[in-house]
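Enquirer: The following block contains the structure, expressed as structure tokens.
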């Protein structure tokens with residue numbers, strides 16, 4: 001076969017451009033060569049069981065169209081919906097329609113597809129609402145057109161007929177309008193059956209695409225998570241080492257904070273109040289010359305963290321003694337613990353007490369100073385405690401402290417002084433003695449407690 005346009009069509013206009021079309025054309029012309037009688041018998045023998053619910057008729061297989069019997073008295077169907085027999089359903093011309101359509105001869109190969117689009121124009125219904133089929137009636141080679149006959153029936157009307165035939169025991173596998181369509185291969189169910197077959201063939205495509213989409217989602221979500229997991233696993237040894245180092249640093253930090261707290265606690269306790277020598281010196285300088293102390297005591301107060309200074313003795317200036325003592329910056333609100341009693345014409349016994357003031361504690365060592373503390377050797381040298389009065393000046397030597405204590409407690413020259421016992425936590429001694437003709441000997445005072453600090457230049 002030549003593929004040129006001149007030989008692409010046979011003399012009757014049939015398309016023979018492909019081998020399949022040529023075999024179809026050749027078969028049709030061979031059948032036309034068979035005598036009519038033989039062809040009629042062959043067509044009649046090929047006729048299936050037919051029934052028409054609209055006309056209540058039934059035709060047995062291979063029967064003439066005039067050999068119909070009433071549908072109600074037939075013995076061809078079982079009448080049982082569970083025992084179905086294949087049959088062709090004739091719906092009648094009044095339940096459908098047929099129409100001739102002229103189309104270009106070039107669309108004959110795609111005639112089913114073209115007519116599916118033309119049904120919207122040819123009928124008031126959509127192709128999905130119709131059972132339809134077609135056949136080519138003739139071809140006009142001179143005009144380049146082919147005339148096709150379109151047959152269609154509404155699904156809403158035909159479905160009821162199919163249901164009725166099924167109840168009679170017929171399984172409708174072919175649908176025609178009338179008996180004239182039986183011998184021409186018309187089947188209105190062909191398009192629906194073809195569409196269902198194509199749907200079933202391509203039904204696996206949707207699940208496959210869904211699986212591919214699911215796999216893609218899993219890959220997009222799971223792969224980054226997997227990579228992050230691998231990264232975390234790779235960082236676990238480094239994290240373990242860093243955690244151990246952090247825990248070690250935390251322990252060292254706590255230990256250092258504890259040591260600094262203990263060190264600063266000692267400083268605060270040491271410098272929270274003036275030392276006994278400073279109190280003794282201050283009170284000794286303020287007492288009048290006609291006053292001497294018999295006892296001097298510093299003791300902690302009950303249920304309190306402060307300390308109390310208690311002084312007992314005799315004075316010749318009882319009226320202004322308390323006022324003089326109240327001027328001391330080291331005593332807070334001194335008061336008489338007992339009323340003054342006269343023991344001699346020019347002497348009265350006194351007994352007063354006052355709270356020892358608390359001075360501002362020095363700033364504690366900060367954590368940043370710990371390196372300096374650990375790297376600098378500590379030197380011990382005497383120094384003045386916090387809260388010392390300005391009259392005391394810098395830290396006094398032990399000899400100067402002893403001389404100051406002796407001057408403070410030296411009795412006047414015109415009067416004999418009784419002995420005064422001094423009881424303090426850090427100082428114990430006698431301020432003076434009172435005896436006839438005996439000279440008061442000042443006690444030997446211990447040196448101030450050494451404190452940790454910057455060493456002073458040696459004298």
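The values are calculated or read from the model by the stated rules, or taken from the named source; none is laboratory data. Since the structure is predicted, the reported quantities are computational estimates derived from the model, not experimental observations. We place every Cβ from the backbone using ideal geometry, glycine too, and count neighbours over all the protein chains shown.
Enquirer: Sort through 266, 211 and tell me the only one that's under 46 Å from the mean Cα position of the chain (by Cα), in a helix (DSSP H, G or I) and not assigned by TED's automatic domain parsing to the domain that holds residue 325. Break it down stepwise before answering.
Expert: Numbers: 266 fails: under 46 Å from the mean Cα position of the chain (by Cα).
Result: 211 is the single residue among 266, 211 that is under 46 Å from the mean Cα position of the chain (by Cα), in a helix (DSSP H, G or I) and not assigned by TED's automatic domain parsing to the domain that holds residue 325.
Enquirer: Any residue that is modelled with pLDDT under 80, within 60 Å of the chain's Cα centre (by Cα) and part of a helix (DSSP H, G or I) - is there at least one of those in the range 271-285? Show your work before the answer.
Expert: Filtering the range 271-285 for residues modelled with pLDDT under 80 gives 271-273.
The next check asks that each one be within 60 Å of the chain's Cα centre (by Cα); those that pass are 271-273.
Imposing the further condition that a residue be part of a helix (DSSP H, G or I) reduces the set to 271.
Among the residues of the range 271-285, at least one is modelled with pLDDT under 80, within 60 Å of the chain's Cα centre (by Cα) and part of a helix (DSSP H, G or I), which makes the answer yes.
Enquirer: Another one. I need the full set of residues from the range 75-84 which are surrounded by 13 or more Cβ atoms within 10 Å (Cβ to Cβ) and touching a residue at least 60 places away in the same chain (Cβ under 8 Å), in order please. Step through it out loud before you land on a result.
Expert: Initially, the range 75-84 is screened for residues surrounded by 13 or more Cβ atoms within 10 Å (Cβ to Cβ), giving 76-78, 81, 84.
Correct list: 77, 78, 81, 84.
Enquirer: Can you name the number of the only condition in (1) surrounded by fewer than 18 Cβ atoms within 10 Å (Cβ to Cβ); (2) under 24 Å from residue 66 (Cβ atoms); (3) touching a helix residue (DSSP H, G or I) at 6+ places or on another chain (Cβ under 7 Å) that residue 157 fails?
Expert: For residue 157, the failing item is (2).
Enquirer: Among the residues that make up the range 130-145, is at least one of them assigned by TED's automatic domain parsing to the domain that holds residue 173, under 21 Å from residue 195 (Cβ atoms) and under 60 Å from the mean Cα position of the chain (by Cα)?
Expert: yes
Enquirer: Working carefully through the options 117, 132, find the one that is within 23 Å of residue 189 (Cα to Cα) and surrounded by 14 or more Cβ atoms within 10 Å (Cβ to Cβ).
Expert: Among 117, 132, only 132 is within 23 Å of residue 189 (Cα to Cα) and surrounded by 14 or more Cβ atoms within 10 Å (Cβ to Cβ).
Residue-wise test of (1) surrounded by 10 or more Cβ atoms within 10 Å (Cβ to Cβ); (2) in a loop (DSSP other than H, G, I, E, B); (3) modelled with pLDDT under 60.
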| position | (1), (2), (3) |
| --- | --- |
| 312 | yes, no, no |
| 373 | yes, no, yes |
| 383 | yes, yes, yes |
| 387 | yes, yes, yes |
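Enquirer: Going through the range 118-144 one residue at a time, which ones are in contact with a helix residue (DSSP H, G or I) (Cβ under 9 Å, 6 or more places away or on another chain) and over 22 Å from residue 157 (Cα atoms)?
Expert: 135, 136, 139, 140, 141, 143, 144
Conditions (1) touching a residue at least 24 places away in the same chain (Cβ under 8 Å); (2) under 22 Å from residue 154 (Cβ atoms); (3) loosely packed, with under 15 Cβ neighbours inside 10 Å, marked per residue:
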| site | (1), (2), (3) |
| --- | --- |
| 55 | yes, yes, yes |
| 58 | no, no, no |
| 70 | no, no, yes |
| 87 | yes, yes, no |
| 90 | yes, yes, no |
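Enquirer: While we're looking at this one, here's another question. Among the residues of the range 292-308, are any over 30 Å from residue 341 (Cα atoms) and surrounded by 16 or more Cβ atoms within 10 Å (Cβ to Cβ)?
Expert: No: zero hits.
Results for (1) out of contact with any strand residue (DSSP E or B) (no Cβ under 7 Å at 6 or more places or on another chain); (2) in a loop (DSSP other than H, G, I, E, B), shown as yes or no for each residue.
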| residue | (1), (2) |
| --- | --- |
| 125 | no, yes |
| 132 | no, no |
| 139 | no, no |
| 143 | yes, yes |
